[in-house]
Amino acid sequence: MTPAIEVRDLRKTYGSGDTAVHALRGLDLTVDRGEYLAIMGASGSGKSTLLNVLGCLDVPTSGRYLLDGIDTAEFGEAQLGLLRNRKIGFVFQSFNLIPRTTALANVELPLVYAGVRRAERRLRANAALRLVGLAERAHHRPNELSGGQQQRVAIARALVTGPAIVLADEPTGNLDTRSSQEVMGILDRLHASGRTVVLITHEDDVAAHANRVVRVVDGRIVENRFTGVLA
Amino acid sequence: MRFTEVLAFAVRGVTANKLRSALTTLGILIGVASVILLIAVGNGASVSVQQSIAGLGTNVLTISPQRAQAGSSARPLTVDDATALADPVEAPAVKSASPVVSTSATAAHADVSHSVSQFLGTDPAYFETTNSAVAQGSPFSADDVAQGRKVVVIGATVATELFPGAAPVGQTILVNNIPFTVVGVLASKGSSGLQDADDTAVAPLSTVRNALTGYGSLSQIVVQATGPDALTAAQAQVTTILDGRHGIGFGGTADYRVLSQEQLLTARTATTDTFTVLLAAVAAISLLVGGIGVTNIMLVTVTERIREIGIRKAVGARRSSILGQFLLEATMLSLFGGALGVAAAFIGAQFTIAGITPVIVPSSVLLAFAVSALIGLFFGSYPAGRAARLRPIEALRHE
């Protein structure tokens, strides 16, 4: 079976000459479908850069990135947008909801860009909000929601298009313990329903939810540890 | 993605910050309204000048003295010149020639005094030649001129100033402390924008020279041609006669100037055109300043929302839908502001501004509206386009 994510000799360099910063230095990684992977590493190790490349938010300087066996280097800007919309759900540490816009409208956003009709959009967005337990908060704006609730709205937005892969960049980084548990519970359920989940974390108890933990140091993977049952 | 969805995003974007949207709209409103209104004022002045000059008559030549060139002496225009021009043999195309002297004088009645800007001395033919109808009373007669009687026909402005609510005919006014009897009041000709054509008084030539101006050069000789078609012939005959009398040889520089109403109209129109251009320049500057304000707000709006652009791109928005949203926002603001500006200008044009009734120039409405729309579009699309080209992660990291 084609792996969900396959990365070969991935390099990412910021700047040039003497001041160049090498965030990724020839990184290899394969993530199978249905895997639950945690990426750990110190800040500046390149793990966020890796996740941004995996989420098609950034392009690598060199190396190959195959998403579902397709080389993303061949994709133009419009196709990458389509890929982000259909195949990938991205959850940010800082939530990144659009301000002054209701939770429902935020969740609907990917569906609008996917060209889904209004009635169906509403239906699916409400279903996604129910899944994260926020159905009754649909008409609240981000500033009327707690951090944990905002992150759950962001997760609802990430999964509303039904992506195969969910990427989460320190999803619990800005949350208290109780909210963290709720968010991790939702990610666990997403994994249980067959989605590939890749998350970045600093915390061991968050990483413990995953089947596999990789550790990134200086832009390379130095440790690859299976913690649970392989899916 | 459908257009209506982009439109919905744009509407939400505009209404999200109502104060800022309102201020942007206001900037464009003022710019557009001032351009249209100021051009309308300039045009209104020009139109009224043309009307008042056209009211003077179409078959009239005005001869005025011209300062001599260095080394030659200028002969003054004399009453004899005027008499010679009226010669039916030498100048068959000339119907009449009225000598005119002009001065300013202070007229007083009871304890009211008024400074008359044009106090004229002439003969009775002047009234017909210049289309100056006498509304009350009658013009003075040739006999009045011959006898040097102190009679005067006053303009409408002078009449209302000196005799508010009373009939002036038969009353006596003091002109520079000399008593004149008012025999008539001229019909109003209206303001020409720069000059009040009704602020005038007309008295017999002999009287005015005797009492006010002395016996120097005439200010003007007003010649009436036998008809509009005879104007060119009249001009040639007048030139021939005056050249002979003033000793101007072939190729010499004349010490007088002959102007037809048409030429006068052209000269005056040129003056008001300058006025209009000046006003338009002031208005254009205000539109530019408004445009810079709009630019500023557009830049701030887009810069402030680069993160939002990043979020939209991260969930799959294409460059075209981002660009479309911001273009529509800018277009809505500038069209709305432009439309309000046009409305404000049309309302403003109903009022008389500085004594001038504005006449709106349709092309200025189009121009101002188009310029404002373009300002909004250009300065909205430039930063939006730049932001839409960013990779999502760059936009998301923007502070």
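The values are calculated or read from the model by the stated rules, or taken from the named source; none is laboratory data. For clarity, every value in this text was computed on a predicted model and none was experimentally measured. Positions of Cβ are backbone-derived with ideal geometry, glycine not excepted, and every protein chain shown enters the neighbour counts. Heavy atoms of the whole protein, side chains included, go into the accessibility calculation; ligands, DNA and RNA do not. Shrake-Rupley method; radii C 1.70, N 1.55, O 1.52, S 1.80 Å.
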Original post:
If you put +1 on each Lys and Arg Cβ and -1 on each Asp and Glu Cβ, how big is the dipole of the protein assembly as shown around its Cα centre, in Debye rounded to 20?
Top reply: 3020
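Considering only protein heavy atoms and a 1.4 Å probe, what is the carbon-and-sulfur percentage of the accessible area of region B:67-254? Intermediate values should be presented prior to the final figure.
Numbers: 4410 of 8760 Å².
Taking all protein chains in place, region B:67-254 shows 50 percent carbon and sulfur surface.
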Original post:
Given the options B:Gly121, B:Gly216, B:Gly42, which has the most mean-square fluctuation in a GNM of chain B, springs set between C-alpha atoms less than 10 angstrom apart?
Top reply: B:Gly216
**OP:** Determine which residues of region A:1-45 fall in the zone a paramagnetic label at A:Ala164 would reach in this model, i.e. backbone nitrogen under 13 Å from the point 7 Å along Cα→Cβ.
**Re:** A:1-6, A:31-35
Original post:
Over chain A, how many percent of alpha carbon pairs lie in each 5 Å bin up to the one with the longest distance?
Top reply: 1, 7, 15, 18, 19, 17, 12, 7, 3, 1, 0, 0
Original post:
What accessible area per residue comes out for region B:67-254, rounded to a whole number of Å², with a 1.4 Å probe?
Top reply: 47
Subject >> For region A:119-174: rounded, prolate or oblate by the Cα gyration tensor [a/c cutoff 1.5] >> reply: oblate
**OP:** With a Förster radius of 22 Å, plug the Cβ-Cβ distance of B:Ser115 and B:Ile178 into 1/(1 + (r/R0)^6) and report the FRET value to the nearest 0.05.
**Re:** 0.90
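Once the piece of chain linking B:Ser217 and B:Ala254 is laid out straight, how much longer is it, given 0.36 nm per residue of separation minus the C-alpha distance between them?
Difference between extended and current length: 11.8 nm.
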Original post:
To the nearest 20 debye, what charge dipole does region A:101-231 have about its Cα centre, counting +1 at the Cβ of each Lys and Arg and -1 at the Cβ of each Asp and Glu?
Top reply: 680
**OP:** Starting from the Cα-Cα distance between B:Ala267 and B:Ala281, subtract it from 0.36 nm times their residue separation and give me the gain in nm to one decimal.
**Re:** 2.9 nm
Original post:
GNM on chain B, C-alpha springs below 10 Å: top fluctuator among B:Ile297, B:Ile248, B:Ile356?
Top reply: B:Ile248
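Any number yet on Rg/Rh for chain B, C-alpha, Kirkwood? Before the final figure, lay out the partial values.
Working: Rg = 32.1 Å, Rh = 25.9 Å.
That ratio is 1.24, to two decimals.
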Original post:
Once both labels are modelled 7 Å past Cα along the beta-carbon direction, what's the B:Val300-B:Ala133 spacing in nm?
Top reply: 6.0
Subject >> Label-point gap, in nm, between A:Val21 and B:Ser188 - each point 7 angstrom along Cα→Cβ >> reply: 7.9
Subject >> Label point distance in nm, A:Glu77-B:Thr239, each placed 7 Å from Cα along Cα→Cβ >> reply: 7.0
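Using a Förster distance of 45 angstrom, determine the FRET efficiency expected from the C-beta separation of B:Asp80 and B:Ser363, and round it to 0.05.
Details: r = 52 Å, r/R0 = 1.15.
According to the calculation, E is roughly 0.30.
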**OP:** Send over the per residue convex hull volume for region B:67-254, Cα only, as a whole number of Å³.
**Re:** 141
**OP:** Using only protein heavy atoms and a 1.4 angstrom probe, determine the accessible area buried between A and B, summed over both sides, in Å² to the nearest 100.
**Re:** 2400
Subject >> Residues of type aspartates and glutamates that A:Lys47 reaches as a straight line, Cα spacing below 15 Å, ignoring anything fewer than 8 places off in the same chain >> reply: A:Asp9, A:Asp28, A:Asp58, A:Asp169, A:Glu170, A:Glu203, A:Asp218, A:Glu223
Subject >> Other protein chain Cβ atoms within 10 Å, averaged over every residue that makes up A:82-94 >> reply: 2
**OP:** May I have the convex hull volume per residue, in Å³, for the Cα set of the protein assembly as shown?
**Re:** 263
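Do me a favour and compute the ellipsoid semi-axes for region A:157-203 from its Cα gyration tensor, root of five times each eigenvalue, largest one first, whole Å.
Taking √(5λ) for each Cα gyration eigenvalue gives 19, 11, 10 Å.
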Original post:
By how many nm would the segment from A:Thr177 to A:Met1 grow when fully extended, if each residue of separation counts as 0.36 nm and the alpha-carbon distance is taken off?
Top reply: 59.6 nm
Original post:
Dividing the convex hull volume of the Cα atoms of region B:153-291 by its residue count, what figure in Å³ per residue is obtained?
Top reply: 219
Original post:
Among all the lysines, which ones have a C-alpha under 20 Å from A:Lys87's C-alpha, if same-chain residues fewer than 8 places away are not counted?
Top reply: B:Lys313
**OP:** Kindly list the residues of region A:41-65 that lie in the label zone of A:Thr30, defined by a backbone N under 19 Å from the point 7 Å along the Cα-to-C-beta vector.
**Re:** A:54, A:63-65
